[in-house]
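Read through the structure below, which is laid out as C-alpha cells, and then see the notes.
No value in this document is a laboratory result; all are computed from the given coordinates. For clarity, every value in this text was computed on a predicted model and none was experimentally measured. Positions of Cβ are generated from backbone atoms using ideal geometry, with glycine treated the same way; all protein chains shown enter the neighbour counts.
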C-alpha cells in the first residue's frame, strides 16, 4: 500500500478532505466542499482528487462520517448521502464515526491545539481519554490504550437523559415535556440545535416571550434571557461531561470539541461548568478534580485523527 492517503471529515454541511504524503505527516491540500453541491460521497471524493491528487490514486483512505457507520457502509445523518465505500475504488478504505476520528486525534494534538479549562495540565500518559462536543448534535467517544496504540470507542452518549440538578433545570425539563417533548435527552439541549430549545424552555419558565433565536444569536447576545440560557447550558454540559468521565474512567482527560464551544471559550472559566463536572458524583469529587477538561481549538482535528488511524492500522505502508 502506497502513499498518498486520503483523509476526510464529512459532516451534514461541509466535507473536509486532505492528503497525507508521508507517515506521521499532517494532512495537506485541505479543502472544504459544500455537501449540498455534490450528489454523494463518491462524487465529492472524485471532485477533490481531480483537483489535488494530480491523477494519483490514493493507496488508502480514512473517512470520518457524521453519522452511523457499519463496516463499509455509512449514512450521513443530516444530509442525503448513504452507501458503501466500495464505490470509491480506493483499495483500503476505513470508515469511522466523526467522533471516533476526533478521539484518535487526542494524543497527537500539540499544546497550541488545546486550551485548559481546569484540572491538571499534564495527566500521566497512557490513560483512557474521552471527547465530547456540541455541534449539530452531541457527539461522544472514548479512547482506550492498547498494545498497538489507541482504540477509539464510539457510542451514542448524547442521547442519555439530560443531567438536571437545580430546581431551575428541573423546571425547564418539565416545561419542555409539557410543551410536547416527552423525553429530554442531553442532545436536545446541549447542541447547536438544542440551544434554541433550551432558550425556549427557559422562556416558558420565566414567563416571557422567547422569540426565534439561533444558537449563534443566543451565544453572541447580551439579552438577559440569552445570557442565562448560556449559563444553564454550560452548567448542564459540566454535569454531562462529568458523567462521561465516570463512564469511561477517563483519567487522561475529557476533551471538549464541536462547533459550539469555541464561541463560548471566554465564558466557560467563569461558569459553573467545572464545578458541576467535579461534583457529578459527590463521593468521587477528588477523582473528577484530577481529570483535565481541555478545549480543542485545532482547526482540523478529525483529519489528524483519520491520518493517525491509517498509520496505526497499516504499519506496512511503503515510504
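Structural remarks
- Here the residues 74, 255, 183, 287, ranked from fewest to most Cβ neighbours within 10 Å of their Cβ, fall in the order 183, 287, 74, 255.
- Most fluctuating residue given options 303, 176, 236, as computed from a GNM of the chain linking Cα atoms under 10 Å: 176
- One Cα centroid belongs to the stretch 185-202, the other to the stretch 1-45; the line between them spans 31 Å.
- Mean residue ellipticity (222 nm) of the chain, computed from DSSP H runs ≥ 4 via -39,500 (n - 2.57), nearest 500: -9500 deg cm²/dmol
- C-alpha long axis of helix 194-206 to longest principal axis of the chain, angle in °: 0
- Helix 224-248 axis versus longest C-alpha principal axis of the chain: approximately 60°, rounded to the nearest ten.
- Once C-alpha pairs closer than 8 Å and six or more residues apart are averaged by separation and normalised to the residue number of the chain, the relative contact order reads 22 percent.
- Helix 167-178 vs. the chain, principal-axis angle (Cα, 0 to 90°, nearest 10): 70
- Whole-Å distance, taken between Cα centres, linking the stretch 227-300 and the stretch 91-119: 17
- Sorted by Cβ density within 10 Å, fewest first, the residues 71, 57: 71, 57
- Using a cutoff of 8 angstrom between alpha carbon atoms and counting only pairs six or more residues apart, the relative contact order for the stretch 157-296 works out to 22 percent.
- Comparing 240, 273, 248 in a Gaussian network model of the chain, where Cα atoms under 10 Å apart are tied by springs, the biggest mean-square fluctuation is seen for 248.
- Counting neighbouring Cβ atoms within 10 Å and putting the fewest first, the residues 185, 179 line up as 179, 185.
- Relative contact order (%) - criterion: Cα under 8 Å, at least six apart; region: the stretch 1-160: 17
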